[in-house]
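What follows is a short report on a single structure.
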Amino acid sequence: MDLMSMTFDELNSACLDMGEKKFRAKQIYEWFHLKLVSDYDEMSNLSKALRDKLKTEYPIPGVKEVKRYVSKIDGTMKFLFELNDGHIIESVMMRYKHGNSVCISSQVGCRMGCRFCASTLDGLIRNLTPSEMLLQVYEIQKAIGERVSNIVVMGSGEPFDNFDNLIRFIRLVTDENGLNISQRNITVSTCGIVEKIREFADLNLQVTLAISIHAPIDSYRQSLMPIANKYTVKEIMDACHYYLEKNNRRITFEYSLVKGANDSEELAIKLSELLKGMLCHVNLIPVNPIKERDYEQSEATHIERFKNTLEKNHINVTIRREMGRDIAAACGQLRRDYKQGGTS
Ligand code: SAH
């Protein structure tokens with residue numbers, strides 16, 4: 001494992017194993033997670049000999065900015081980063097009244113196969129390491145020169161398909177000796193991997209769980225998300241109730257509205273029944289069409305109707321505000337275009 005992905009105790013053992021003094025781990029940990037330095041040569045209180053040794057024994061994963069798009073409307077920024085092995089990932093920074101929020105990727109590609117999503121078109125390439133997740137946040141904080149206060153794990157990839165690295169990332173980014181981001185300011189979004197929702201609940205983290213539900217009935221869900229063949233809506237809801245019992249934190253349900261596929265009045269009613277009385281919030285996302293598929297966004301009147309039906313049934317609901325409309329691209333689309341040499 002690379003040093004930046006290690007907890008302080010693990011880093012300490014690694015340093016002691018290298019014959020280093022006890023204070024060494026603290027110095028390195030601070031360079032990584034407080035000073036956000038990701039180049040050993042900048043670690044001025046380490047000897048040249050040690051820096052050279054670290055470079056060969058523990059190379060630091062690279063997350064290098066190769067492209068940045070900045071919205072002239074609301075300051076939203078999309079970043080393309082290149083990893084050491086040449087793969088490209090994307091991350092987004094959004095400015096809100098409550099602070100700067102970064103949306104990170106958890107994998108290169110994705111194997112979940114959701115029909116409307118661009119991130120999954122070429123399948124999963126590999127998991128991101130905890131450090132590669134951290135570096136997306138660190139690099140963005142450095143690039144904007146302002147503190148990042150919120151993180152959403154909603155970029156490319158299925159975070160619960162990279163569970164251990166995700167948990168490590170959360171522990172490191174919330175560490176009071178590091179960036180010290182509040183757990184309450186982190187949201188993890190999953191397509192609904194039931195065992196992992198339960199495992200996550202057992203960790204008792206104060207992190208917000210978001211579930212990509214997209215349809216309240218199995219057959220509709222299956223037509224949009226292959227994972228729905230593995231887990232039923234009922235199993236997901238049971239796991240969500242388990243999470244609520246353990247954590248009592250409001251769950252977000254994401255519902256991407258696809259014209260003619262999941263935007264009917266009937267499904268709005270079914271969804272209301274499913275969520276009745278639950279501590280939750282529905283986030284309606286007008287689907288962002290991708291050129292590789294022929295899904296279309298629901299009509300505005302249907303989106304409104306869907307929302308009104310939920311409201312009438314006392315379900316908390318918002319329509320996701322579109323950030324950075326002028327640099328808009330569906331999840332994973334920028335990276336795809338870049339790889340295919342199509343970015344302008
Ligand atoms: N794999 C995780 C997190 C990444 S996707 C998950 O499934 O939740 C974040 C959210 O964006 C998910 O709800 C996903 O279904 C949705 N999404 C992906 N592509 C989209 C698109 N083209 N239009 C609208 N929503 C999309």
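The values are calculated or read from the model by the stated rules, or taken from the named source; none is laboratory data. Computed from a predicted model, the values in this text were never measured in an experiment. Backbone-built Cβ (ideal geometry, glycine too); neighbour counts: all protein chains shown. Remember, those area values only see protein heavy atoms, side chains included, never the ligands or the DNA or RNA. Shrake-Rupley method; radii C 1.70, N 1.55, O 1.52, S 1.80 Å.
For (1) within 14 Å of the ligand (Cβ to nearest atom); (2) over 14 Å from the mean Cα position of the chain (by Cα); (3) of a type in the set (S, T, N, Q), each residue gets a yes or a no:
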| site | (1), (2), (3) |
| --- | --- |
| Glu158 | yes, no, no |
| Phe163 | yes, no, no |
| Leu166 | yes, no, no |
| Arg171 | no, yes, no |
| Gly178 | no, yes, no |
| Asn185 | no, no, yes |
| Thr190 | yes, no, yes |
| Ile193 | yes, yes, no |
| Lys196 | yes, yes, no |
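Given the structure, is Glu311 more than 15 Å from the ligand (Cβ to nearest atom) and loosely packed, with under 13 Cβ neighbours inside 10 Å? Taking the combined requirement at face value, the residue does not satisfy it.
Does Ala118 fit the bill of being at pLDDT 95 or above and either outside any loop (DSSP other than H, G, I, E, B) or within 9 Å of the ligand (Cβ to nearest atom) (or both)? Criteria not met by Ala118. Does Glu266 satisfy being free of Cβ contacts under 8 Å to residues at least 12 places away in the same chain, open to solvent by 10 Å² or more (accessible area, probe 1.4 Å) and assigned by TED's automatic domain parsing to the domain that holds Asp175? Yes. Listed by first and then second residue, the pairs linking a residue in region 103-120 that is under 13 Å from Pro289 (Cα atoms) and acidic (Asp, Glu) to a residue that is more than 9 Å from the ligand (Cβ to nearest atom) and open to solvent by 10 Å² or more (accessible area, probe 1.4 Å), with Cβ atoms under 7 Å apart and 6 or more places separating them unless they lie on different chains, form an empty list. Scanning region 187-207 for residues that are in a strand (DSSP E or B) and either surrounded by fewer than 20 Cβ atoms within 10 Å (Cβ to Cβ) or at pLDDT below 95 (or both) gives a single hit, Thr187.
Have a look at Ile28, Ile104, Ile88 and point out the one that is open to solvent by less than 40 Å² (accessible area, probe 1.4 Å), more than 21 Å from the chain's Cα centre (by Cα) and modelled with pLDDT of 95 or more.
The unique qualifying residue is Ile28.
Taking region 237-344 as the region of interest, the strands (runs of 3 or more DSSP E) fully inside it that hold 3 or more residues being closer than 24 Å to Ser91 by Cβ and of a type outside the set (Phe, Trp, Tyr) are 251-257, 280-286. Residues in region 129-156 that are more than 13 Å from the ligand (Cβ to nearest atom) and either in a loop (DSSP other than H, G, I, E, B) or open to solvent by 20 Å² or more (accessible area, probe 1.4 Å) (or both): Thr129, Glu139, Gln141, Lys142, Ala143, Ile144, Gly145, Glu146, Arg147, Ser149, Asn150.
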